[in-house]
Amino acid sequence: MPMKSVSEKRERQYEEIKVSEMERGRSEEDAERIAAATVNKQRKESGETEEQKGR
């Protein structure tokens with residue numbers, strides 16, 4: 001995940017999801033998209049995004 005503001009925990013989570021999706025037969029491109037969307041959703045829900053911090 002090419003974002004500097006993402007924690008190491010989220011980086012690991014992204015990689016784990018990506019690998020898992022590829023093992024399920026998804027292309028690398030699709031696996032990356034799914035992993036990024038999942039991590040971003042969880043970051044937003046836990047208040048880690050700029051959008052949440054600004055409120």
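The values are calculated or read from the model by the stated rules, or taken from the named source; none is laboratory data. Not measured: the values here are computed from a predicted model. FYI the Cβ positions are ideal-geometry reconstructions off the backbone, even for glycines, and counts take in every protein chain you see.
Are there any pairs with C-beta distances below 6 angstrom linking a residue in region 1-23 that is closer than 14 Å to Gln42 by Cα to a residue that is among the hydroxyl-bearing types (Ser, Thr, Tyr) and modelled with pLDDT of 95 or more, with the two at least 6 apart or on different chains, and if so which?
Ile17/Thr38
Give the residues of region 20-47 that are surrounded by 12 or more Cβ atoms within 10 Å (Cβ to Cβ) and over 12 Å from the mean Cα position of the chain (by Cα), sorted by residue number. Reasoning before the result, please.
Applying the first criterion (surrounded by 12 or more Cβ atoms within 10 Å (Cβ to Cβ)) to region 20-47 yields 20-22, 26, 30-36, 38-40, 42-44.
Residues satisfying the conditions are Ser20, Glu21, Met22, Arg26, Asp30.
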